[in-house]
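Notes follow once the structure below has been shown.
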Amino acid sequence: MKDVLLNPGLDRYALYVIFAAMASYTIAFLVFVWHLSRLSSKSKKLQKTAVSLERAGLIILIVSVLLHGSGVVMRGIAAARVPWANMYEFSITGSFMIVAIFLCAWFVKEIRVIAVLVTAFALLVLGSATTLFYVQVKTLMPALQSYWLVIHVTVAVLATAFFNIAAALAVAYLLRNWTWLNKSKAPGIQLIKRVLSVFPESKKIESLSHRFNVIGFILWSFTLVAGAIWAERAWHRFWGWDTKEVWTFIIWTIYAGYLHATATRGWTGARAAWLSLVGFAAVLFNFTIVNLFFKGLHVYSGLK
């Protein structure tokens, strides 16, 4: 791959499209917040407008993800390769997959309540990507110039997206069942309680979170296997105790423990939700702290 294939001008326009997606996500977030406030209102008249707001939020979210996806594709064309070779590209691609998968699951009525959390997280990731992680398009290092990059990273991004949605549902579950919140009589807390009262039943939220974690775990298992095969091709060993390899296995172990605890140990409710959040916290640690502050063959932050 030669430098002459790079297109910095197109990359600049791709960044503008990502900014446009951020603006659209912001509007979608505000509409979904408005929807929840109307849905939890005591006024029947205001409750009726919630349906229209939910529909409007969905349309804006679709526009957002189309802009977002266009920015990712433009970045890939500008780099003349798949756009996931550094933290900026991982961030814009991963957040795109999260929202896209969420939209694919929109037909499940109970999942719509986390639209606020999903859009907020997408905004947070894109904000970090454009301000902290952005780098201009570059050619790939030799170890990454392989079709295994597409296989390994695609599955890892998909797994992360499923883990993220499961974590958002776990947060919704914990808020729905926050004992202190339910006992408080403070005026501001009463408003929050009314909003939480429109959340789906706790059992349904817990079941959905578990299903997304199961899919994420299967994909993450394949990520480990594909990574080992790629490592053997690139460095002539399947496992080398590299920092990224170790943390990838730690994440796998946490989610394996989550599935074991929920299936055989009767872990339900808050304990399962917290364990799901611990797993996703490990995913975020692996992506941020390991990439930024650790050395190793797998550290591809793209930052100097």
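The table below lists the values:
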quantity	calculated
Enumeration of residues in segment 60-70 that are more than 17 Å from the chain's Cα centre (by Cα) and either assigned by TED's automatic domain parsing to the domain that holds V157 or buried (at least 22 other Cβ atoms within 10 Å of the Cβ) (or both)	none
Matching residues, segment 193-239, being of a type in the set (D, E, K, R) and part of a helix (DSSP H, G or I)	K193, R194, K203, K204, E206, R211, E232, R233
Per-region count, segment 124-143, residues part of a helix (DSSP H, G or I) and crowded, with 20+ Cβ neighbours inside 10 Å	4
Answer residue from segment 244-292, given it is hydroxyl-bearing (S, T, Y) and surrounded by 18 or more Cβ atoms within 10 Å (Cβ to Cβ) and is farthest from A168 (Cα to Cα) among those	T248
Residue within segment 6-14 that is within 16 Å of A115 (Cα to Cα) and part of a helix (DSSP H, G or I) present	no
Residue among W106, W34, W84 that alone is outside any helix (DSSP H, G or I), within 25 Å of K204 (Cβ to Cβ) and touching a helix residue (DSSP H, G or I) at 6+ places or on another chain (Cβ under 7 Å)	W106
Residue within segment 267-287 that is closer than 27 Å to N177 by Cβ, part of a loop (DSSP other than H, G, I, E, B) and either under 22 Å from the mean Cα position of the chain (by Cα) or at pLDDT below 90 (or both) present	yes
Any hit, segment 43-52, residues being in a loop (DSSP other than H, G, I, E, B), farther than 30 Å from L292 by Cβ, in the same structural domain as Y134 (by TED's automatic domain parsing) and not aromatic (F, W, Y)	yes
When residues of segment 227-243 are limited to those that are surrounded by 19 or more Cβ atoms within 10 Å (Cβ to Cβ) and in contact with a helix residue (DSSP H, G or I) (Cβ under 6 Å, 6 or more places away or on another chain), the one modelled with the highest pLDDT	G227
Test: residue in segment 19-42 that is of a type in the set (K, R) and without any contact (Cβ under 8 Å) to a residue 60 or more places away in the chain	yes
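For (1) over 13 Å from the mean Cα position of the chain (by Cα); (2) modelled with pLDDT of 95 or more; (3) buried (at least 23 other Cβ atoms within 10 Å of the Cβ), each residue gets a yes or a no:
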{"position": "G76", "(1), (2), (3)": "yes, no, no"}
{"position": "E89", "(1), (2), (3)": "yes, no, yes"}
{"position": "F107", "(1), (2), (3)": "yes, no, no"}
{"position": "I114", "(1), (2), (3)": "no, no, yes"}
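The values are calculated or read from the model by the stated rules, or taken from the named source; none is laboratory data. Because the structure is predicted, anything quoted here is derived from the model rather than measured. With ideal geometry, Cβ positions are generated from the backbone for all residues, glycine too; neighbour counts draw on all protein chains shown.
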